[in-house]
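*Asks:* Quick one: the structure is below, questions incoming.
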Amino acid sequence: MARWEPNARERLQQAALDLYGERGFEQTTVAEIAKRAGLTERTFFRYFADKPEVLFSGAGALQEFLVTLVAQAPDSTAPMDAIASALEATAGFFQERREFSAQRQAVIEANADLRERELIKLATLASALADQLRRRGVSDPAASLTADAGIAVFKTAFERWISEPAQQDFAKLIRESLDELRAVTAGK
């Protein structure tokens with residue numbers, strides 16, 4: 001097997017997604033993923049702790065990116081605007097990975113345990129954003145409410161982006177979802 005070939009992580013992720021889509025998450029083994037990628041099981045475990053982590057390995061980097069952007073927002077920026085700006089900044093990353101994102105979401109939606117893990121990852125992200133807002137001087141419950149609302153905006157926009165094939169602009173959907181939230185909270 002060509003263990004030395006470049007892009008092992010990406011090859012493993014794509015092999016896993018393909019197999020999860022073809023056979024289902026539960027029916028796919030690590031050995032099958034490694035074989036499809038032309039790698040060994042040992043190589044798989046160098047990159048991922050377990051099968052689900054193939055789907056969630058980017059969560060830490062996303063969290064760090066968003067928290068950093070919220071921290072860097074000017075002091076005069078309203079908390080929700082800081083969150084919204086950070087979320088919009090993620091759009092480019094997701095735009096480049098639309099097919100991967102759609103495949104990933106289909107696998108998650110087909111498995112209750114994966115849906116639960118996704119919700120935990122989103123809750124962890126909301127908590128990290130709330131902590132950063134607190135460091136910016138936002139008190140509770142405003143920090144928690146703002147972070148949770150931001151994640152709800154992100155989740156809603158992402159679901160629309162995945163389910164509407166003609167809709168290619170993820171940043172626009174984030175803005176539209178935020179506008180919807182603002183309209184309902186303003187009583188419009």
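*Asks:* Given the conditions (1) in contact (Cβ under 8 Å) with a residue 24 or more places away in the chain; (2) of a type in the set (Asp, Glu); (3) not assigned by TED's automatic domain parsing to the domain that holds PHE170, and given that GLU22 satisfies all but one, which numbered condition is not satisfied?
*Replies:* The one condition GLU22 does not meet is (1).
*Asks:* For segment 103-120, how many residues meet the condition of being buried (at least 16 other Cβ atoms within 10 Å of the Cβ) and farther than 15 Å from GLU159 by Cα?
*Replies:* Residues flagged as buried (at least 16 other Cβ atoms within 10 Å of the Cβ) and farther than 15 Å from GLU159 by Cα within segment 103-120 amount to 3.
*Asks:* I'd like the full set of residues that are surrounded by 15 or more Cβ atoms within 10 Å (Cβ to Cβ), farther than 22 Å from SER57 by Cβ and not small (Gly, Ala, Ser), limited to segment 137-169.
*Replies:* VAL138, LEU145, THR146, ASP148, VAL153, THR156, ARG160
*Asks:* Return the pair list, or none, for Cβ contacts closer than 8 Å from residues in segment 64-83 that are assigned by TED's automatic domain parsing to the domain that holds ALA149 to residues that are among the hydroxyl-bearing types (Ser, Thr, Tyr) and part of a helix (DSSP H, G or I), at least 6 apart or on different chains.
*Replies:* Sorted first by the residue in segment 64-83, then by its partner, the pairs are LEU69/SER85; ALA73/SER85; THR77/SER85; PRO79/THR146; MET80/THR146; ILE83/THR146.
*Asks:* Tell me which residues, restricted to segment 27-39, are surrounded by 15 or more Cβ atoms within 10 Å (Cβ to Cβ) and either in contact (Cβ under 8 Å) with a residue 60 or more places away in the chain or not small (Gly, Ala, Ser) (or both).
*Replies:* Hits for segment 27-39 are THR28, VAL30, GLU32, ILE33, LYS35, ARG36, LEU39.
*Asks:* Here is a list of conditions, (1) over 20 Å from SER177 (Cβ atoms); (2) within 13 Å of the chain's Cα centre (by Cα); (3) of a type outside the set (Val, Ile, Thr), and ALA123 meets all of them except one; can you say which number that is?
*Replies:* Going through the list (1) over 20 Å from SER177 (Cβ atoms); (2) within 13 Å of the chain's Cα centre (by Cα); (3) of a type outside the set (Val, Ile, Thr), ALA123 breaks only (1).
*Asks:* Every residue in segment 18-57 that is on the phi > 0 side of the Ramachandran plot and touching a helix residue (DSSP H, G or I) at 6+ places or on another chain (Cβ under 8 Å), please.
*Replies:* Passing the criteria: only GLY38.
The values are calculated or read from the model by the stated rules, or taken from the named source; none is laboratory data. Since the structure is predicted, the reported quantities are computational estimates derived from the model, not experimental observations. Note: ideal-geometry Cβ built from the backbone for every residue, glycine included; neighbour counts use all protein chains shown.
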